[in-house]
1. Report the residue count in segment 144-160 for those that are in contact with a Lys or Arg (Cβ under 8 Å, 6 or more places away or on another chain) and surrounded by fewer than 21 Cβ atoms within 10 Å (Cβ to Cβ).
2. Can you confirm whether Ala245 is surrounded by fewer than 20 Cβ atoms within 10 Å (Cβ to Cβ), more than 18 Å from the chain's Cα centre (by Cα) and within 23 Å of Phe64 (Cα to Cα)?
3. Restricting attention to segment 392-428, which residues are more than 15 Å from Gly330 (Cα to Cα) and either in the same structural domain as Ala82 (by TED's automatic domain parsing) or part of a loop (DSSP other than H, G, I, E, B) (or both)?
4. Mind listing just one residue for me: the one in segment 84-116 that is among the acidic types (Asp, Glu) and more than 18 Å from the chain's Cα centre (by Cα) and, of those, farthest from Glu429 (Cα to Cα)?
5. Could you say which residue among Phe391, Phe305 is surrounded by 19 or more Cβ atoms within 10 Å (Cβ to Cβ), touching a residue at least 40 places away in the same chain (Cβ under 8 Å), within 23 Å of Phe64 (Cα to Cα) and within 18 Å of the chain's Cα centre (by Cα)?
6. Every residue in segment 162-180 that is out of contact with any Gly (no Cβ under 8 Å at 6 or more places or on another chain), within 27 Å of Val62 (Cβ to Cβ) and part of a loop (DSSP other than H, G, I, E, B), please.
7. Against the conditions (1) more than 25 Å from Gly365 (Cα to Cα); (2) surrounded by fewer than 22 Cβ atoms within 10 Å (Cβ to Cβ); (3) out of contact with any Leu (no Cβ under 9 Å at 6 or more places or on another chain), where does Arg253 fall short? Just the number, please.
Amino acid sequence: MPSVWIRNADVASSGGVARADVLIRDGRIVRVGQVRESDAAGEEPLDATGLTVLPGLIDTQVHFREPGMEHKEDIASGSLAAVCGGVTTFFEMPNTVPTTTTAEALADKLRRSEGRSWANYAYFVGATTDNAATLTACERLPGTPGIKIFMGSSTGTLLVPDDATLEEVLRNGSRPCPIHAEDHFRLEERKSLADRARGPEQHPFLRDAECARRATARILALSEKTGRPVHVLHVSTLEELPLLAEAKSRGLRVSCEVTPQHLTLAAPEAYERLGSLAQMNPPIRGQEHREALWSAVRTGLFDVFGSDHAPHTLEEKAKSYPGSPSGMPGVQTMLPVLLTHVAEGRLELGDVVRMACENPARLYGVARKGTVREGFDADLCLVDLAARWTFERSEVRSRCGWSPFEGMAMVGRPIHTFVGGTWSVRDGEPVGHPSGQTTQFTWKDGPH
């Protein structure tokens, strides 16, 4: 395994940036600070002058579509997009075909990843109306961060719509439970309101803010009743924010995520410009929601940035609404979009490290990842914070071949990525071979 001496770097954490060298040996960080040449004999030198070292990002919400939908993405292509965007660890969702709802299905995904994943990997097990009794055992299996709950429509049997079954699921296990919080019953009621003469611009009307608010209120009440920690994914509405803030103020074990898409895109402009390429669940909403999300970021309400990378082909997206599928790629662009917001003054670099590296590791008990520290895995991304560039379709690594951020002028660019001390991206281009490993977790019987 190669050893690397990163020299003259700015090393970032949630607390700030400090000039330091980083010495890597045998896949681990062995020194952060001043490294003398005599201490780095034999290590490959990398002059990082002008670059900032970030911990490799941990993206806790991706959909890599394998097995069953490899025509739009697979583990190899999705993980390549990840490392090209500075993401060195991903947690993948269970809505594949077949769904990941058993130990056997989880083991199959882990086998598929060996020697093919560019990034470190872990796979959620999905809750259903039938498998609640098995979930305590499932969440303790190697290679899973825990149990995912869909309260709104999803693939196959991955739907837990009613409070009685949700409570049963929450009582079977102890790890934080990520939640897709849209109310299934309201979604069903509103389907009849679809106007076939209109397109995806009606998506935020049909899946309205009340769908999200109602589901979030329900899951917070059930979390309090059962004592199970929950993690509300891709929050998209201003109405959910006071519910989450109030729950946190009362000491409930709740955390929440926001996506770069919901912070960057807004209706109606996104639908006018992108059409169904802007269609995702929960929807891209109006500017009042986007600005409320930014306010919540500034006050520290959100714990995690996640990409909700959910690719579909352009041919699938071209279908007439509502036949066009929801979801967009995002694992490759999450960091560049966030760094652009840093350059604009809307974010601090420390916020990016805290919410995309440190907090995901803390929330899910990820071993030896999420910070640039001696003894930790050498999962690193080196970025040029001053680089001005435009993201083009030709740079998309996802098999789907498109991005909602095509043509966006960005500031801040990933340059080099290391996974376990091994080069995976050098000067912006993939190098070597996939070196991702199964993610290790630090708990066995529940959260710390």
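The values are calculated or read from the model by the stated rules, or taken from the named source; none is laboratory data. The structure displayed is predicted, hence computed values, not measured ones. Please note: Cβ atoms are built from the backbone with ideal geometry, for glycine as well, and neighbour counts cover all protein chains shown.
1. Here the count works out to 0.
2. Against the criterion (surrounded by fewer than 20 Cβ atoms within 10 Å (Cβ to Cβ), more than 18 Å from the chain's Cα centre (by Cα) and within 23 Å of Phe64 (Cα to Cα)), Ala245 does not qualify.
3. Gly420, Gly421, Asp427, Gly428
4. Selected residue: Glu104.
5. Values: Phe391 fails: within 18 Å of the chain's Cα centre (by Cα).
Only one candidate qualifies: Phe305.
6. From segment 162-180, those out of contact with any Gly (no Cβ under 8 Å at 6 or more places or on another chain) are 162-172, 179; that's our starting set.
From the residues that got through so far, the ones that are within 27 Å of Val62 (Cβ to Cβ) too are 165-166, 169-170, 172, 179.
Correct list: Asn172 only.
7. Result: Arg253 fails condition (1) only.
Here is a yes/no grid of residues against (1) surrounded by fewer than 24 Cβ atoms within 10 Å (Cβ to Cβ); (2) modelled with pLDDT of 95 or more; (3) in contact with an Asp or Glu (Cβ under 6 Å, 6 or more places away or on another chain); (4) part of a strand (DSSP E or B):
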| site | (1), (2), (3), (4) |
| --- | --- |
| Ser79 | no, yes, no, no |
| Thr88 | no, yes, yes, yes |
| Phe91 | no, yes, no, yes |
| Leu106 | yes, yes, no, no |
| Arg111 | yes, yes, no, no |
| Thr128 | yes, yes, no, no |
| Thr136 | yes, yes, no, no |
| Leu141 | yes, yes, no, no |
